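**Student:** Pasting a structure here, questions to come.
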Amino acid sequence: MAIRQQQERGAPVLEVRDLTVEIRTKRGTITPVDRLSFTLRGGEVLGLVGESGSGKSVSMMALMGLLPAGAARVTSGTAFLGGTDLLSVSPKRLNSMRGGVVSMVFQDPMSALNPVMRVGDQVMEAVRVHHRGLGRKGLRARAVELLELVGITDAGERMNAYPHEFSGGMRQRVMIAMAAANEPAVIIADEPTTALDVTVQAQILELLQDMKERIGSAIILITHDLGVIAEIADRVMVMYAGGKVEEAAVQPIFDAPRHPYTASLLASMPKLSGAVTTMRTIPGAPPDLLALPQGCRFNPRCPLADGRTECHTRAPELVHLDGGQQSACHFPAEVEKAFSRSSDQIEEGGERA
Amino acid sequence: MRTWSRVRGVLRDPGGLFGALVIALILIAAIAGPALAPYDPSAQSLETRHLPPFWMDGGSTAHLLGTDQLGRDLASRVIQGARVSTIVGVAAVLMQVLVGVTLGLLAGYWRGALDAVIMRLADVWLAVPFLVLAMALAVVLGPGLWSTVLVLGAVGWVTFARIVRAQTLSIRERDFVLASRVAGARPIRTMRAEILPNVAASVIVVATLQVSQMIIAEAALSFLGLGIQPPDVGWGSMIAEGRDSLSSAWWVAAVPGAALVIATLGINLFGDALRDELDPRIR
Amino acid sequence: MPRILEVTGLKKHFPHRSRNTLPWRPRTMVKSVDGVDLDLEVGETLAIVGESGSGKTTLARTVLKLYEPTAGRIVLDGADITEHSLRRMTPIRRNMQMVFQDPVGSLNPRAEVAAIVEEPLRVQGMRPAERRRRVAEMLELVGLNPGYGSRYPHEFSGGQRQRIAIARALSVDPKLVVLDEPVSALDVSIQAQIINLLVELRRELSMSYLFISHDLGVVRQIADRIAVMYLGRIVEEGARDDVLLAPKHPYTQALLSAVPIDNPALRGVRRRRVLAGDTPNPANPPTGCPFRTRCWLATDTCATTAPELLSVSPTQRVSCHVATEPPQTR
């Protein structure tokens, strides 16, 4: 098995520029992803955070060429992965790249696995697609190896089981084994632990981290859970209503967010430490993509936007701040003052467990 | 609001529009038939026997669709037949819906023994030869409009029971059904207020399609002489009357036959459009 | 304080469906709830915490008598309702209501909002004019425009739908509300709104909550006491801070340590107890202590004898052979 040469840490692996997706609905055309640009670097976990309707899943589906045919289409942008533009390459070529250089782990492993096919056959199939030359014996050996790698004991025996005989956590391990089968340069994990119990989530996050080290893939982790981000991400991208509102290394996101939406999300997370007080909330709900507010899309829910014409008339551009942090806010310097977090969290958190 | 947008949705579909027009025509014929018909449908006239439709040699615009072996005006008789078809189709389906939906709801909601009994009954029911049943009823009740309705109504309930049971089984697991129990509602209320509105769309769609089936079935029964009896006029009995003169005067059978085909086609197209609009899940 | 709810020895077993079982073989039972004692004081919130397979939802539904209990006793507001027939339960339902997890599935898609909210009132026999007034009042109470009554559920966002469900539950002025994961289907930014609303309403209307959740962060915001369930049993129960800050049962400790913390600086610093494997199948639970197959402290005793829920302090009870031996030297 030729192990893909390890991506150089920090070198760009995937470069997405101005990705725009449009979807025709009964009531009109919406733009769930609007001029999204980002760079994924070798060996990193890029966290992609957002609520429902933020465009986080749609943008990844667009990269994978998995948007529902007919209704949704990519209207602009490029996405270069090792010299190939995922957005303009032929469907046939993209198909051969999926599961090869780029693969995916889904939220619900039960529906992502074929219920009437043995687990082993499914893993072997994932390997076979990109290793046509391998015989059945070789495929089987590789599949067993992969299942052992993701921590499935008695892998040889478990090959013959059906998905329903596995627990949720085990199924997600199988999905990860399949995603890692061909040592992809990029793994896109879409809410991989959302359907799992918290004790199992901890196992799966550890496994993802471990797999990343072993095969040197870069990971895009989509989640709505900032706790998961804090556990595993190196860099974070926050999306709101189709656009990126903030990007930074993981520590600054939690210590000094520069977009009021990020700060609001952090403030409204239920915490296990600190005083129990009335929770800080974000008023209202994410906007209807058919009726986006004028100016900044976050302005109806933003504490900084009150009475400021700028926020209500001009959409903020993404600005680069110190330390590589990016924010799409007219007043990034004021975020910290508006959302002062309690400072005693580190000590208290450290005490626990 | 919602109803109107649905109606518009159906009419935007070409098949749905055609179907709606056909149904409108049938209904007008059924309701205002005597006023519309150019002649008394049973008025005989021996001078004008077997007149062909107006576009053929020997045809006359006085009898647009020609006349039968007794000189009766076919156009008037087809219009008269629409009334029978409507009554039989609608009444038989209503009967099926009443029985089928009730049994389907009960079976799906209570499951267990009641479900088993009802569904086995349905299986047995399907094994009863429908023609034999029709003959038996015709003998017992005497053939005629209402015994035809009874026969057809008795046969088709199984379709509705099966559909409603299957949907009830899945709907009863939804939280809003549990919520109704939390509210303190008795089972009958839960079935009526929570489950029934959610199966209604499928029932309406299937009922529409079933009406056309019943119109054909009525025609078949009448053709065999087990259905509509004179002086009532049905399309099936008209076809039967035209059978003897098929070689010389084919239109006597073809005219009611065409009415039957257009009517069922229109209703089916309407039903399909309605299904797309109301309930894309089934079939 | 008077008690609104007392549950003793509650069990709910379901016949296990297996395709391979022949009809004449004895059917195995899934012991979803297997001997639960709990009580709830007036105005108090008790959180039931557990993962999938813990039986927390079954417990909630059995307490509400949506499932017939297999054994045990349920006393609501001083009255034993365990044996109550369907008919006798109807008036009782006025005092015990429920809010479900999924705000889409719990509202009838074919009913107008007003009809949804007034359903309990109608069943409880309130007159139409009064009902209309009450519906408007309830919608306002949960922060919705009272004019929304003629709309359908699909016209609302997830958070708004959950408000509608809360309005329905509270319309009959219940004393006890069972909330089954009421915020876990909602976006983070909406969760906090609903939690605040629930806390506020409980205070205003002096109700008691039985709050089912898997999310310890959420539970911390709302609960006075916490009971932790594992495989159909309560393994630890106590005042909120006792359970969260000084957990005694190994499972509670593992559960707490598995919760991600929103501080990347603590990666690696924090001691974490990652449990091996998954919760065992409730159809075939381990002998003795249900947690022993995943427990790092398990001894021979744990395999043979099921531990009882014993008091370790006036406000905390634990069901573990090892935890009751102080002090722990790990």
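**Student:** Hey, how many Å between the Cα centroid of the stretch A:27-102 and the Cα centroid of the stretch A:144-183?
**Tutor:** 27 Å
**Student:** Let me ask you something else. Under the Karplus relation 6.51 cos²θ - 1.76 cosθ + 1.60, θ = phi - 60°, what is the ordered set of whole-Hz ³J(HN,Hα) values for the stretch A:75-86, x standing for Gly and Pro?
**Tutor:** Karplus-based 3J(HN,Hα) across the stretch A:75-86 equals 9, 7, x, 10, 8, 8, 10, x, x, 10, 8, 4 Hz.
**Student:** If you don't mind, another one. Grab the beta carbon distance between A:Val129 and C:Tyr67, set R0 = 60 Å, and tell me the FRET efficiency rounded to 0.05.
**Tutor:** E(calc), rounded to 0.05, equals 0.80.
**Student:** Rank A:Leu147, A:Gly77, A:Ala177 by how far each Cα sits towards the positive end of the charge dipole of the stretch A:74-187 (+1 on Lys, Arg Cβ; -1 on Asp, Glu Cβ) and give me just the farthest.
**Tutor:** A:Gly77
**Student:** Beyond 19 Å, what percent of the Cα pairs of the stretch A:181-233 remain? Mind dumping the intermediate values first?
**Tutor:** On the way: 291 of 1378 pairs.
In whole percent, the long-distance tail amounts to 21.
**Student:** Partner chain Cβ atoms within 10 Å, averaged over the residues of B:184-193 - can you pull that number for me?
**Tutor:** Numbers: counts 16, 7, 5, 1, 0, 3, 2, 0, 0, 7.
Across B:184-193, the average partner-chain Cβ count within 10 Å equals 4.
**Student:** Could you work out the equivalent-ellipsoid semi-axes for chain C, taking the square root of 5 times each eigenvalue of the Cα gyration tensor, largest first, in whole Å?
**Tutor:** For chain C, the semi-axes come out at 36, 24, 19 Å.
**Student:** Just to confirm the number: angle between the C-alpha axis of helix B:74-110 and the first principal axis of chain B, 0 to 90 degrees, nearest 10?
**Tutor:** Roughly 10 degrees, rounded to the nearest 10.
**Student:** Find which of B:Leu278, C:Ser150, B:Gln80 sits farthest along the positive direction of the dipole of the protein assembly as shown, computed with +1 on the beta-carbon of Lys and Arg, -1 on that of Asp and Glu, about the Cα centre.
**Tutor:** The residue sitting most towards the positive pole is B:Gln80.
**Student:** Moving on. Using 7 Å Cα-to-Cβ label points, what is the C:Ala276/C:Arg203 separation (nm, one decimal)?
**Tutor:** 4.7 nm
**Student:** Same structure, new question: Only bridges with both residues in chain A count here: give the DSSP antiparallel percent, nearest 5.
**Tutor:** Counting DSSP beta bridges with both partners in chain A, the antiparallel share is about 60 percent.
**Student:** Same structure, new question: Mind checking the dipole of chain C: about its Cα centre, +1 per Lys or Arg Cβ, -1 per Asp or Glu Cβ, Debye to the nearest 20? Please list the in-between numbers first.
**Tutor:** On the way: 44 positive and 36 negative charges, 169 e Å.
Approximately 820 debye in magnitude.
**Student:** Tell me the Rg and the Dmax, in Å, that the Cα atoms of the protein assembly as shown produce.
**Tutor:** Both quantities, over Cα of the protein assembly as shown: 34.1, 118 Å.
**Student:** Which whole-number percent gives the relative contact order of the stretch A:51-187, counting Cα pairs below 8 Å spaced six or more residues apart?
**Tutor:** About 29 percent, as a whole number.
**Student:** At 0.890 mPa s and 25 °C, plugging the Kirkwood radius over alpha-carbon pairs of the stretch C:182-257 into Stokes-Einstein gives what diffusion coefficient in µm²/s?
**Tutor:** 183 µm²/s
**Student:** Based on the alpha-carbon set only, what is the convex hull volume of the stretch B:2-278 divided per residue, in Å³?
**Tutor:** Values: hull volume 41.0 nm³, N = 277.
In the stretch B:2-278, the Cα hull volume divided by residue count equals 148 Å³.
**Student:** Past the 32 Å Cα-Cα mark, which pairs from A:Lys56/A:Lys92; A:Lys56/C:Lys11; A:Lys92/A:Lys244; A:Lys337/C:Lys248?
**Tutor:** Those over the limit are A:Lys56/C:Lys11; A:Lys337/C:Lys248.
**Student:** Considering Cα pairs under 8 angstrom that are at least six residues apart, work out the relative contact order of the stretch B:2-278 and quote it in whole percent.
**Tutor:** 25 percent
**Student:** Further, regarding this structure: Each residue of the stretch C:289-299 in order: what ³J(HN,Hα) in whole Hz does its phi give by Karplus 6.51 cos²θ - 1.76 cosθ + 1.60, θ = phi - 60°, with x for Gly and Pro?
**Tutor:** 6, x, 8, 4, 5, 10, 8, 8, 10, 4, 10
**Student:** Let me ask you something else. Can you give the Rg and Dmax of the stretch B:120-195 based on its C-alpha atoms, in angstrom?
**Tutor:** For the stretch B:120-195, the Cα radius of gyration and maximum Cα-Cα distance read 18.2, 52 Å.
**Student:** Scan around C:Val99 for amide H atoms under 5 Å from its own, H built in the peptide plane at 1.01 Å from N, and keep only partners 5 or more places away or cross-chain.
**Tutor:** Close amide H contacts, sequence-distant or interchain: C:Val178, C:Leu179, C:Asp180.
**Student:** OK, next. Quick one: C:Asp300, A:Asp234, fewest Cβ neighbours within 10 Å first, how do they rank?
**Tutor:** C:Asp300, A:Asp234
**Student:** Place +1 on the Cβ of every Lys and Arg and -1 on the Cβ of every Asp and Glu in the stretch B:2-278, take the dipole about the Cα centre, and give the residue among B:Gly225, B:Thr159, B:Ala240 whose Cα lies farthest towards its positive end.
**Tutor:** B:Thr159
**Student:** Hey, another quick one. For the stretch C:232-308 and the stretch C:121-175, compute the distance between their C-alpha centroids and round to whole Å.
**Tutor:** 40 Å
**Student:** Given a Förster distance of 35 angstrom, what is the FRET efficiency for A:Leu318 paired with C:Glu140, based on the Cβ-Cβ distance and rounded to 0.05?
**Tutor:** Values: r = 41 Å, r/R0 = 1.17.
Efficiency at R0 = 35 Å is approximately 0.30.
**Student:** What is the mean number of Cβ atoms from other protein chains located within 10 Å of the Cβ atom of each residue in peptide C:179-192, rounded to a whole number?
**Tutor:** Per residue, the number of nearby Cβ atoms from other chains is 5 on average.
**Student:** Right, another one. Name the shape class, rounded, prolate or oblate, that the alpha-carbon gyration tensor gives for the stretch A:253-306, where a ≥ b ≥ c are the square roots of its eigenvalues, rounded holds for a/c under 1.5, and otherwise prolate holds if a/b is larger than b/c and oblate otherwise.
**Tutor:** Verdict is prolate for the stretch A:253-306.
**Student:** Of all beta bridges DSSP finds with both residues in the protein assembly as shown, what is the antiparallel percent, to the nearest 5?
**Tutor:** Roughly 60 percent of the DSSP beta bridges within the protein assembly as shown come out antiparallel.
**Student:** Using the count of nearby Cβ atoms within 10 Å as a rough guide to exposure, how do B:Thr208, A:Thr194 rank from fewest to most? Before the final figure, lay out each step's value.
**Tutor:** Working: B:Thr208 20, A:Thr194 14.
Ascending Cβ contact count within 10 Å gives the list A:Thr194, B:Thr208.
**Student:** Calculate, in whole percent, how much of the Cα-Cα pair population of the stretch A:117-227 lies beyond 25 Å.
**Tutor:** 18 percent
**Student:** Compute the orientation-averaged projected area for chain A from the convex hull of its Cα atoms and round it to one decimal in nm².
**Tutor:** 19.5 nm²
**Student:** Can you give the Rg to Rh ratio of the stretch C:137-216, both from alpha-carbon atoms, with Rh computed by the Kirkwood formula? Mind showing how you got there, number by number?
**Tutor:** Values: Rg = 12.4 Å, Rh = 13.1 Å.
Rg/Rh: 0.94.
**Student:** Dipole of the protein assembly as shown, Cα-centred, from +1 at each Lys and Arg C-beta and -1 at each Asp and Glu C-beta, to the nearest 20 debye?
**Tutor:** Magnitude of the dipole: close to 1180 debye.
**Student:** Still on this structure, please answer the following. Please report, in debye to the nearest 20, how large the charge dipole of the stretch B:2-278 is about its Cα centre when each Lys and Arg carries +1 at its beta carbon and each Asp and Glu carries -1 there.
**Tutor:** Result for the stretch B:2-278 is approximately 1260 debye, rounded to the nearest 20.
**Student:** Further question: Run the numbers on chain A and let me know its relative contact order in percent, using alpha-carbon pairs under 8 Å that are six or more apart.
**Tutor:** Answer for chain A is 19 percent.
**Student:** For B:Trp55, B:Trp146, what ranking results if the residue with the fewest other Cβ atoms within 10 Å of its Cβ goes first?
**Tutor:** B:Trp55, B:Trp146
**Student:** Moving on. List, in order, the whole-Hz ³J(HN,Hα) value for each residue of the stretch C:57-74 obtained from phi through the Karplus relation with A = 6.51, B = -1.76, C = 1.60 and θ = phi - 60°; use x for Gly and Pro.
**Tutor:** 6, 4, 4, 4, 6, 6, 4, 7, 6, 7, 10, 6, x, 6, 7, x, 9, 10
**Student:** Another question, then. Taking one equal scatterer on every alpha-carbon of the stretch A:47-152, how large is log10 of I(q)/I(0) by Debye at q = 0.21 1/Å?
**Tutor:** Relative scattering, expressed as log10 I(q)/I(0), comes to -1.24.
**Student:** Cα centroids of the stretch B:123-175 and the stretch A:283-304: how far apart, whole angstrom?
**Tutor:** 56 Å
Laboratory data are not the source of any read-out in this text; all were calculated from the coordinates shown. Being a predicted model, the structure only gives us computed values, none of them experimental. Cβ atoms come from the backbone with ideal geometry, glycine included; neighbour counts cover every protein chain shown.
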